[in-house]
Amino acid sequence: MPYGTLICETSTGIAKPLPPELFTVHGTCAEMRWEAMRGAGYHVPADRFFVRNHTSTPLVDAASWRLELHGSGLGNPRGFGYEDLLALPAVTRDVAIECAGNGRSLFTAQQHQEVSGTPWRLGAVGVARWRGVPLSTVLDLAGILPSAVDVMARGLDPRYVAGGVDHGRVRRPIPAAKALDDVILAYEMNGGPLPPDHGHPVRLVVPSWIGLASVKWVGDIEVSAAPLTSPWTTEFYRMFGVAHPPGGGPPLTTGGIRSAFELPWGARLAAGRPHVLHGRSWSAGGRITGVEVSLDAGATWRRAELHGPRVCPAWTRWHVAWNPRTTGPHTLMARAADETGGVQPMRTPHNELGYLFDAVVRHPVTVTYF
Ligand SMILES: Nc1nc2c(c(=O)[nH]1)N[C@H]1C(S)=C(S)[C@@H](COP(=O)(O)O)O[C@H]1N2
Ligand SMILES: [Mo]
C-alpha cells in the first residue's frame with residue numbers, strides 16, 4: 001500500500017446495507033430509489049445515497065491515513081494526516097454529486113438507442129452537506145506554483161481492471177484554476193464522518209462537475225506543471241458517436257438540467273382523490289428558475305410550485321396537485337429551466353457510452369380504483 005495507509009477490502013463491494021426499498025443494485029453500484037426521498041428533507045441521508053464504485057469500498061484507517069501532495073507544480077511538496085486536515089479552517093456546502101451516467105437506461109427506454117454502461121434510471125444523484133478543507137488551502141500550504149496547470153487526485157480503492165486492461169487506481173485531472181476555486185477535501189457528510197462507501201476518511205467534492213471528479217478515498221494528489229491525463233479523460237467520460245467529433249469529444253466536465261419525481265417507477269395512484277406529486281430539479285449551470293409538469297404525456301403543461309432552498313449546484317424541490325379521474329396508465333413529465341436560460345430538451349443527442357441524459361423523462365404511473 002502507498003504511504004503506509006492501512007486498508008482492508010469489503011467482501012461485498014459496498015459496506016452499507018442495501019435494502020431493496022432504498023436501492024436498486026447494479027453490480028458494484030447501488031442506485032437510490034427516488035421514492036425513498038419522499039419526506040426525507042433537503043439532503044439525501046447517507047443510508048440511501050447512491051454508490052458508484054469502479055471496484056469496491058476500501059476500509060481505510062483514518063489514524064494511519066496520509067494525503068501526499070507531489071509533482072512538478074509544487075514548491076513545497078508535503079503530506080497531511082487526518083488530524084492535520086481537521087485542524088485547518090473548514091467550509092460547509094450543499095453540493096449535488098451526480099454520475100455522468102445518470103439516466104443512461106433512458107436512452108434505450110425512451111429513445112430506443114443502444115448505449116453501454118451501468119443502466120441507471122435517475123437515482124445516481126444525491127445532495128449532501130459536505131464539510132471539509134478547501135483544496136486551495138492545502139495546495140497553498142504545499143506551495144502550488146503559478147506554473148501548475150493540472151491537479152489529479154487518486155483513490156486508495158483497488159485498481160480498475162476492465163476488459164483485461166489494468167487502468168490503475170481511479171484518478172482524474174482537473175485544471176488548477178478549478179482546484180483553487182471551489183473544490184473541497186471533505187471529511188464530513190450531513191454532519192457525520194464520511195461513511196466508508198462515500199470516501200472515508202476524505203474525498204474530493206468538485207461542485208458542478210460530473211461525479212467522477214469527486215474522487216473518494218483520496219490518497220495522493222499530483223500537481224503538475226504539464227497537462228495530465230488518465231484513462232478517465234482519454235477513454236471514459238467523453239462523448240463518442242455520430243453526433244460528436246471524430247475520435248470523441250473533450251473530457252466531460254459539467255452536466256445539464258434534470259428533474260425527478262419522488263415516486264416509484266410505475267407507481268400506483270388512486271383515482272378520484274387529490275394527490276400532491278413531489279419532485280426535485282437540479283442544474284450544474286445555475287439556479288432552477290421554473291419547473292413545468294405534464295400529467296398527460298406532454299399534451300398540456302402546468303407550473304409546479306417551487307419551495308425551499310434553490311441552491312446551485314444542489315437542487316430545488318417542487319410539487320403539483322393532481323386529482324386523476326381516468327384509470328389506467330399515465331405518463332408524468334417534468335421540465336426544468338435554470339437561470340442561464342437552459343431548459344430540458346425532449347431528446348438528448350445519442351452518445352455511445354450513454355452520458356449526460358438530460359431530456360424530459362417519461363415517468364410511468366398507473367391510476368387505479370382502490
Ligand atoms: N476512488 C474512487 N473515487 C470515485 C469513484 C471510484 O470508483 N473510486 N467513482 C466516481 C464516480 S464515477 C462517481 S459518480 C462518484 C460517486 O460518489 P458516491 O459513490 O459517493 O455517490 O464517485 C467518484 N469517485
Ligand atoms: Mo460516475
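No lab work stands behind these numbers, since they all come straight from the coordinates. Since the structure is predicted, the reported quantities are computational estimates derived from the model, not experimental observations. Because the Cβ atoms are built from the backbone with ideal geometry, glycine has one as well, and the counts that use them run over all protein chains shown.
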Problem - Residues with amide H under 5 Å from that of Arg172, placed H, sequence gap 5 or more - result: Ala153
Practice task
Rounding to the nearest 20 debye, state how big the charge dipole of the chain is about its Cα centre with +1 on each Lys and Arg Cβ and -1 on each Asp and Glu Cβ.
Solution key: 1020 debye
Fill in the blank from the handout: The set of residues whose placed amide H lies less than 5 Å from the amide H of Ile144, leaving out same-chain residues fewer than 5 positions away, is Gly75
Practice task
Could you run the Karplus curve 6.51 cos²θ - 1.76 cosθ + 1.60 with θ = phi - 60° over the stretch 321-333 and give me ³J(HN,Hα) per residue in whole Hz, x for Gly and Pro?
Solution key: 8, 8, 10, x, 9, 9, 7, x, x, 10, 10, 9, 9
Exercise for the section: Would you be so kind as to identify which of Pro324, Ala226, Leu295 lies farthest towards the positive end of the dipole of the stretch 218-348, taking Lys and Arg as +1 and Asp and Glu as -1 on Cβ and the Cα centre as origin? Expected result: Pro324
Problem - Highest-fluctuation residue, Pro313, Pro274, Pro207 considered, GNM on the chain with Cα pairs under 10 Å - result: Pro274
Completion exercise
The size of the Cβ-based charge dipole (Lys, Arg +1; Asp, Glu -1) of the stretch 87-241 about the Cα centre, to the nearest 20 debye, is 200 debye
Handout entry: Share antiparallel - DSSP beta bridges, the chain, percent rounded to 5
Key = 90 percent
Handout entry: the stretch 275-280 - phi-based ³J(HN,Hα) in whole Hz, Karplus 6.51/-1.76/1.60, Gly and Pro as x
Key = 10, 10, 8, 10, x, 9
Fill in the blank from the handout: Under the rule rounded for a/c under 1.5, else prolate if a/b exceeds b/c, else oblate, using alpha carbon gyration tensor axes a ≥ b ≥ c, the stretch 257-368 is classed as oblate
Completion exercise
Note, the stretch 218-227: 3J(HN,Hα) by Karplus (6.51, -1.76, 1.60, θ = phi - 60°), whole Hz, Gly/Pro = x, goes 4, x, 8, 10, 9, 10, 10, 7, 10, x
Handout entry: Distant-in-sequence amide H partners of Thr28 (H built 1.01 Å from N, under 5 Å)
Key = none
